[in-house]
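See structure below.
The values are calculated or read from the model by the stated rules, or taken from the named source; none is laboratory data. Note that this is a predicted model, so its numbers are computed, not measured. Quick note on the areas: whole protein, heavy atoms, side chains included, nothing else; ligands and nucleic acids left out. Shrake-Rupley method; radii C 1.70, N 1.55, O 1.52, S 1.80 Å.
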Amino acid sequence: MHDQPTPAELPDQWRALAKQQRRLGADAQARILDVCADELTAAFLRAGDELLTLSRAAQESGYGADHLGRMVREGRIPNSGTKGKPLIRRSDLPQKGRKRKEEPCRSTPGGYVPERLFRDIIHSKLGGDDAQD
């Protein structure tokens with residue numbers, strides 16, 4: 001049985017299918033696959049750039065909001081907000097209790113972890129607690 005691709009693998013897999021479709025003369029289908037791959041890659045970039053409040057960052061990272069605030073003040077996490085209202089870019093968010101792979105699989109230069117795509121979409125659509133002014 002064939003393993004299911006991870007979200008990070010989908011754009012490359014779709015581009016390979018597009019190449020195959022072009023060889024078979026199915027240019028319209030190939031263009032659709034290319035557009036889907038481009039849109040998913042762009043979604044990874046946007047999600048990684050999302051700014052989170054300390055409380056939202058705490059929910060997603062496993063660290064407490066106070067600890068994250070201290071990490072921002074100490075410069076261990078970049079502050080993407082202001083001194084009085086710190087915000088953490090999702091791609092900068094540390095993950096508590098997760099061992100890092102020696103060579104993380106990332107599809108974007110911004111460092112967003114694609115395996116979190118679906119959870120992040122659900123939180124951003126249904127969470128509602130991170131409205132930015």
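How large, in percent, is the carbon and sulfur part of the accessible surface of the range 1-91 at a probe radius of 1.4 Å? Of the solvent-accessible surface of the range 1-91, carbon and sulfur hold 54 percent.
Per residue, the average separation of C-alpha pairs within less than 8 Å and at least 6 apart gives the range 1-74 a relative contact order of 21 percent. Using bins of 10 Å that start at zero, the share of Cα-Cα pairs per bin across the range 1-90 amounts to 16, 29, 20, 18, 13, 3, in whole %.
Taken over the alpha carbons of the range 39-94 as equal point scatterers, the Debye sum produces base-10 log I(q)/I(0) values at 0.16, 0.28, 0.31 Å⁻¹ of -0.44, -1.09, -1.27.
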